[in-house]
Amino acid sequence: MNLEQWFTKGMTPEDYLEYMSVHKENTEAIKRNFTIPQDDIEVLNKLGDHSLRVIAITEDWCGDAMLNIPILLKVAKSAGMDVRMILRDENLDLMDQYLTNGISRAIPIFIFIDRDGNEKLVWGPRAPMVKKIVDDERAKLPPKDHELFPEKQKEMIQRLTSQYTTDKEIWQEVYESLKTSLVQNVLM
């Protein structure tokens, strides 16, 4: 399938939010509480002139998707972009075209396409600052074969989830990364 067909296949954001069960409340809370900086409204309006659409490869259980999806939806609304959600685990043939570092099925992945269905930009799965936070947390974990690994990994995920849902600086970092990527790849 081409990207136009994937876009058509995807769920609307409303259907995706309705479908969610794991991180629904956190996703909706970030969406409710994150606001686009007033100074950026003009640049997002300029992006709207390019008739971009977004395919978001995601899953409900993913903490990074919980963080990034609501910010994407705010950007998309401000820039007049239509968004469709594709579930990663049911669509590995698409996911495997967008592996992180050529090996990892990390999500979310945002594929921005033009009105003709041509790829203009791929963003994800994390903003650089968020990647550093996650990498630093992972470095503290014991080896995977250690008896405490499952417990320590669960604690790490709980810490990250809490941080993702409350730290507005992280939201701003995600937003800035997304906005900068769009400006550099679409407006320049």
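List of remarks:
- Part-to-part distance (alpha-carbon centres) for the range 92-160 and the range 13-36, which is given in Å: 19 Å
- Accessible area in the full protein assembly, largest first, 1.4 Å probe, for Leu92, Leu72: Leu92, Leu72
- Computed with every protein chain present, the accessible area of Asp64 is close to 20 Å² [probe 1.4 Å].
- Only DSSP H runs of four or more residues enter the estimate; each adds -39500 (n - 2.57), and after division by the residues of the chain the mean residue ellipticity at 222 nm equals -15500 deg cm²/dmol.
- Taking every alpha-carbon pair under 8 Å whose residues sit at least 6 apart, the chain reaches a relative contact order of 25 percent.
- Dipole magnitude of the chain about its Cα centre (Cβ charges: Lys, Arg +1; Asp, Glu -1), debye to nearest 20: 240 debye
- Sorted largest first by accessible area at a 1.4 angstrom probe radius, with every protein chain in place, the residues Lys140, Lys24 fall in the order Lys140, Lys24.
- Note on surface exposure: Tyr19, Tyr164 rank Tyr19, Tyr164 by accessible area, highest first, 1.4 Å probe.
- Top positive-direction residue, dipole computed over the range 81-152 with Cβ charges, set Val134, Leu87, Pro108: Val134
- Straight-line reach from Lys132: taking Cα to Cα under 27 Å and skipping same-chain neighbours fewer than 8 places apart, the lysines in range are Lys24, Lys31, Lys74, Lys120, Lys140, Lys144, Lys152, Lys154, Lys168, Lys179.
- The GluC sites (Glu not before Pro) found in the range 120-188 that occupy coil by DSSP, while having at most 11 further C-beta atoms within 10 Å, are Glu147.
- Equivalent-ellipsoid semi-axes of the chain, from the Cα gyration tensor, Å, largest first: 27, 19, 16
- Portion, in percent, of the accessible area of the chain that falls on carbon or sulfur, probe 1.4 Å: 46 percent
- Between Arg115 and Asn185, the modelled label-to-label distance comes to 2.1 nm, taking each label 7 Å out from Cα in the direction of the beta carbon.
- Label zone (Leu99, point 7 Å along Cα-to-C-beta; backbone nitrogen cut-off 13 Å) within the range 50-67: none.
- Counted charge near Trp61, where neighbours are those whose Cβ lies closer than 15 Å (Asp, Glu -1; Lys, Arg +1): -2
The values are calculated or read from the model by the stated rules, or taken from the named source; none is laboratory data. Because the structure is predicted, anything quoted here is derived from the model rather than measured. Positions of Cβ are generated from backbone atoms using ideal geometry, with glycine treated the same way; all protein chains shown enter the neighbour counts. SASA here: full protein model, heavy atoms, side chains in, ligands and nucleic acids out. Shrake-Rupley method; radii C 1.70, N 1.55, O 1.52, S 1.80 Å.
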